[in-house]
Amino acid sequence: MQGLGYPLGFIAAPIYIYEGWKEGYRELFEKLDSELPTESRNDITFELIQHRFTKPAKRVIEKNYPKTKLIMNEDERRYKWGRYGIGKYIYQKNEEQELREALEAI
């Protein structure tokens with residue numbers, strides 16, 4: 001079987017911290033690993049995007065999904081200015097580092 005002949009990329013988003021997240025993401029990537037043929041791995045990339053939210057997005061989610069279990073506590077997040085002049089709430093630096101280390105170890 002020949003390679004795909006073009007780069008292969010995956011976007012995993014949003015990367016979200018939840019109870020058992022390390023095992024969940026490990027299982028996800030191990031399953032992907034078991035399915036990818038060797039010849040398709042020559043030019044493969046991953047983009048991993050942590051969960052973040054803006055105030056307007058939070059309002060929409062809470063209005064449309066009043067029973068959501070998605071945790072969007074602004075006090076537990078770090079505020080960062082976005083590209084288009086609107087700020088977003090992202091994980092704290094230590095959580096961001098934990099996400100990175102855990103996912104890079106898989």
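The values are calculated or read from the model by the stated rules, or taken from the named source; none is laboratory data. Nothing here was measured: the structure is a model prediction, and the numbers come from that model. Don't worry about glycine lacking a Cβ; one is built from the backbone with ideal geometry, like all the others, and counts go over all protein chains shown.
Restricting to segment 37-53, count the residues that are surrounded by 10 or more Cβ atoms within 10 Å (Cβ to Cβ), at pLDDT 95 or above and not basic (Lys, Arg).
5
Report the residue count in segment 59-79 for those that are of a type in the set (D, E, K, R), closer than 17 Å to Tyr18 by Cβ and surrounded by 10 or more Cβ atoms within 10 Å (Cβ to Cβ).
Looking only at that region, the number is 2.
If you go through segment 28-61, how many residues are more than 13 Å from the chain's Cα centre (by Cα) and either at positive phi or basic (Lys, Arg) (or both)?
5
So, in segment 80-106, of the ones that are of a type outside the set (D, E, K, R), loosely packed, with under 10 Cβ neighbours inside 10 Å and within 24 Å of Lys22 (Cα to Cα), which residue ends up modelled with the highest pLDDT?
Ranking the qualifying residues of segment 80-106, first place goes to Asn94.
Test of understanding: among Tyr18, Tyr25, which residue is surrounded by 10 or more Cβ atoms within 10 Å (Cβ to Cβ), within 15 Å of the chain's Cα centre (by Cα), among the hydroxyl-bearing types (Ser, Thr, Tyr) and not in a helix (DSSP H, G or I)?
The unique qualifying residue is Tyr18.
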